[in-house]
Amino acid sequence: MAQIAFFAGSYTQAAGHVPKPAGVGISACYLNTSTGQIDKGPIFAEVENPSWLEWRADDLFAVYESFSGPSTVYRFSVNSDHTLTLQAQASCSGTAVCHFSLTGSSLYTAAYASGQMDVFDATQLRHLRSFEYQGSGPNRARQKTAHAHQVVISPEGRWCYVCDLGSDMIWRHQAQPLSEPVGIAVPAGIGPRHLVFHPSNGCVYLVSELTAELLTFWYSPRTGDLTLIDQVATLPEDF
C-alpha cells in the first residue's frame with residue numbers, strides 16, 4: 001500500500017458564501033492510493049478560516065482569510081507525525097486573503113475584499129510591499145470594486161500576475177524587482193478567477209467565475225503579454 005499525506009484547510013467562520021461553516025482548522029490527511037480511502041490525522045485548530053495552504057519541504061504555509069479585517073499568513077514546521085509547530089506569522093494589509101503563491105524567498109498574497117496584493121519575505125514573513133488595485137466591471141452585484149482572487153508567478157520567475165475578478169483585469173508586474181502593475185484587460189463581465197501556465201505549449205489558461213468560461217492566451221516570456229486566442233463555455237447552453 002502507498003500512502004500520500006496532505007493537508008486540508010476549512011472555513012470556520014460564517015459569511016454570505018459560507019452560511020454554515022463546519023471547518024475545524026487545518027487537518028492532516030492520508031490517501032490510500034490502493035483503495036482511495038482518505039483518513040484524517042492530526043488537526044491544528046488554532047488557525048481560523050485557513051483558506052489556502054502550501055506545503056513546501058518541511059514548512060507548511062497557511063492564510064487566515066479574515067472576512068472583516070486584515071488577514072494573517074503563517075509558516076509552520078511540519079513534524080514527523082504531521083503535527084504543526086508555528087514558526088512565524090504576519091498580518092496582511094488586505095482583507096479576505098484567499099490565495100497566495102510562494103516563489104523562491106518571497107510570498108505573494110491576493111486579498112479579495114480589498115483588492116490588494118501583499119509581498120512578504122517567506123522565511124520570517126517580513127512584510128515588504130503592498131499594491132492596491134482599482135477598477136470595476138459591468139456586473140454591479142459582484143464588480144463594484146477590485147477583487148484580487150489569485151496571484152501567480154510565471155514559470156521562469158520573471159512576471160507576476162494577479163487575477164482581478166472585480167475589474168476584469170489581469171494585473172502584470174515585473175517580479176524582480178517588483179514593478180508597478182500594468183493591466184491586461186479580459187472580456188467585460190467574465191470575472192477572472194484563476195490562471196495556470198501550460199508546462200510546454202506556451203499557453204496560459206484562465207477560468208472565469210461570473211460566466212463559467214475557459215480562456216486561452218498565448219504567453220510571451222519576453223514581454224509578459226497575454227494574447228487571447230480562444231474563449232469557450234464550460235456549461236451547456238441550456239444551463
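I'm checking my understanding of the structure. Among residues of the range 205-224 that are under 30 Å from ARG140 (Cβ atoms) and in contact (Cβ under 8 Å) with a residue 40 or more places away in the chain, which one is least open to solvent (accessible area, probe 1.4 Å)?
Top of the filtered list is LEU206.
Which ones in the range 89-99 are small (Gly, Ala, Ser), within 19 Å of THR123 (Cβ to Cβ) and either open to solvent by 30 Å² or more (accessible area, probe 1.4 Å) or outside any strand (DSSP E or B) (or both)?
SER91
I'd like the full set of residues that are of a type outside the set (S, T, N, Q) and touching a Cys at 6+ places or on another chain (Cβ under 9 Å), limited to the range 5-60.
Keep residues of the range 5-60 that are of a type outside the set (S, T, N, Q), which gives 5-9, 11, 14-26, 28-31, 36, 38-48, 50, 52-60.
Within the range 5-60, ALA5, PHE6, PHE7, ALA8, ILE38, ASP39, LYS40, GLY41, TRP52 meet the criteria.
Taking ALA22 and the conditions (1) open to solvent by less than 30 Å² (accessible area, probe 1.4 Å); (2) among the aliphatic types (A, V, I, L, M); (3) assigned to a loop (DSSP other than H, G, I, E, B), which numbered condition does it fall short on, given that it satisfies the others?
Unmet condition: (1).
What are the residues in the range 171-204 that are open to solvent by 70 Å² or more (accessible area, probe 1.4 Å), within 21 Å of LEU107 (Cα to Cα) and outside any strand (DSSP E or B), if any?
GLN176, PRO177, GLU180, listed by residue number.
Tally time: how many residues in the range 18-33 are small (Gly, Ala, Ser) and either over 23 Å from SER80 (Cα atoms) or at pLDDT below 95 (or both)?
2
Taking GLN13 and the conditions (1) assigned to a strand (DSSP E or B); (2) open to solvent by 50 Å² or more (accessible area, probe 1.4 Å); (3) out of contact with any Leu (no Cβ under 8 Å at 6 or more places or on another chain); (4) not small (Gly, Ala, Ser), which numbered condition does it fall short on, given that it satisfies the others?
Against the list (1) assigned to a strand (DSSP E or B); (2) open to solvent by 50 Å² or more (accessible area, probe 1.4 Å); (3) out of contact with any Leu (no Cβ under 8 Å at 6 or more places or on another chain); (4) not small (Gly, Ala, Ser), GLN13 comes up short only on (1).
Assess whether ALA110 counts as being under 23 Å from ILE170 (Cβ atoms), part of a loop (DSSP other than H, G, I, E, B) and either of a type in the set (D, E, K, R) or within 17 Å of the chain's Cα centre (by Cα) (or both).
Here the answer is no, as ALA110 does not meet what is asked.
Could we say that ASP121 is free of Cβ contacts under 8 Å to residues at least 24 places away in the same chain and over 21 Å from PHE67 (Cα atoms) here?
yes
Say whether the condition of being part of a strand (DSSP E or B), in contact (Cβ under 8 Å) with a residue 24 or more places away in the chain and buried (at least 18 other Cβ atoms within 10 Å of the Cβ) is met by at least one residue in the range 132-146.
No, there is no match, as no residue in the range 132-146 is part of a strand (DSSP E or B), in contact (Cβ under 8 Å) with a residue 24 or more places away in the chain and buried (at least 18 other Cβ atoms within 10 Å of the Cβ).
Pairs, please: C-beta under 8 Å, at least 6 apart or cross-chain, first residue farther than 24 Å from THR145 by Cα and in the range 168-180, second of a type outside the set (Ser, Thr, Tyr) and open to solvent by 50 Å² or more (accessible area, probe 1.4 Å)?
Once the first residue is farther than 24 Å from THR145 by Cα and sits in the range 168-180, its partners that are of a type outside the set (Ser, Thr, Tyr) and open to solvent by 50 Å² or more (accessible area, probe 1.4 Å) give ALA175/ARG158; GLN176/ARG158.
So, of the residues in the range 66-82 that are under 10 Å from CYS92 (Cα atoms) and in contact with a Phe, Trp or Tyr (Cβ under 6 Å, 6 or more places away or on another chain), which turns out to be least open to solvent (accessible area, probe 1.4 Å)?
SER71
Which one of PHE67, PHE76, PHE120 is closer than 26 Å to MET169 by Cα and in contact with a Leu (Cβ under 6 Å, 6 or more places away or on another chain)?
Just one listed residue meets the conditions, PHE120.
Mind telling me which of the residues ASP168, ASP121 ends up being more than 19 Å from THR227 (Cα to Cα) and open to solvent by less than 50 Å² (accessible area, probe 1.4 Å)?
ASP121
Going through LEU102, LEU86 one at a time, which residue ends up being open to solvent by 60 Å² or more (accessible area, probe 1.4 Å) and not charged (D, E, K, R)?
LEU86
Which numbered condition trips up GLN89, out of (1) under 15 Å from the mean Cα position of the chain (by Cα); (2) of a type outside the set (Ser, Thr, Tyr); (3) farther than 22 Å from PRO192 by Cβ?
Condition not satisfied by GLN89: (1).
The values are calculated or read from the model by the stated rules, or taken from the named source; none is laboratory data. All of these numbers come straight from a predicted model, not from anything done at the bench. As a convention, Cβ positions derive from the backbone with ideal geometry for all residues, glycine included, and neighbour counts pool all protein chains shown. Surface accessibility is based on the protein's heavy atoms, side chains included, excluding ligands, DNA and RNA. Shrake-Rupley method; radii C 1.70, N 1.55, O 1.52, S 1.80 Å.
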